[in-house]
1. Say a paramagnetic label sat at a point 7 Å from the Cα of Thr88, along Cα to Cβ; which residues of segment 13-42 have their backbone N under 20 Å from it?
2. Please give the residues of segment 87-131, grouped as numeric ranges, whose backbone N is less than 13 Å from a label point set 7 Å along the Cα-to-Cβ vector of Ala157.
3. Per 0.36 nm of contour for each residue apart, how much would the distance between Glu15 and Glu123 grow if the chain were fully extended, relative to their Cα-Cα spacing?
4. Which whole-Hz ³J(HN,Hα) couplings does segment 126-131 yield from phi under the Karplus relation 6.51 cos²θ - 1.76 cosθ + 1.60, θ = phi - 60°, glycine and proline marked x?
Amino acid sequence: MHAYVWGVSERREIETGLEGFRLWPGALCADEQAALVDRVLAAAAEAPFYRPVTPGGKPMSVRMTNLGPLGWVTDRSGYRYQPIHPVTGRPWPPIPDALTRLWEDLLGGPGPDACLVNLYEAEARMGLHQDRDEADLTAPVLSVSLGDAALFRIGPAGGGPTRSFRLSSGDVCALTGPARLARHGIDRIWAGSSRLIPGGGRLNRKPHRSRASVSSRLIPGGGRLNLTLRRAGSSSRAS
């Protein structure tokens, strides 16, 4: 694993113009990012990335896995949280302590019990949607970007104009309060904008050897990892 000291980076929140949508650009320093990638890839070796399908049977463009007591899944039965990987039938690996500390530092309150890990490769997208499969829809959602930059689009829950933000590796954002049910999605991946996840793009630091070898099997083309922390509770709503 990559050694690091957590919390050495400065976390500066900026104004987003959308009440409740909070954004901390560069919240994680390079060493913090590398350490998280190490942990996520180690977990993915136990709970492999898979390509889910929507309730309508359409394959999603992202691959995903989960960390924590509960994991978000989608299939022909609907959207829900469940305690086991749908392919292996095994429990999800635990959420890294660094992520629970990040939640505590930025948001406070009860910690997350689910961490959805989405892998965006070069052509992956995510249409506008709302996160509403959780038991408590007032609990915040915290998102961590690692790897290639992405164009993130967000708009009010009730409809209306959207605005876009470029999310780079190490950026952290949250949906809270009035923005908890905001519509949001990913319109574009800037493939090769980072080499944090070995396999593609501009080289700006030497990859950690163990991470590079694991990544070559799990993520051969590099890409973007998005870690979404939630309080899922006991929700099992299908739709």
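Each reported figure results from applying straightforward, stated rules to the coordinates on display, with no laboratory input. Bear in mind the structure is a predicted one, so any value in this text is a computation, not a measurement. Virtual Cβ from ideal backbone geometry, glycine too; neighbours counted across all protein chains shown.
1. 36-42
2. Only 130-131 fall inside the zone, counting backbone N under 13 Å.
3. Additional length available on full extension: 35.9 nm.
4. In residue order, the calculated couplings are 9, x, 4, 7, 10, 8 Hz.
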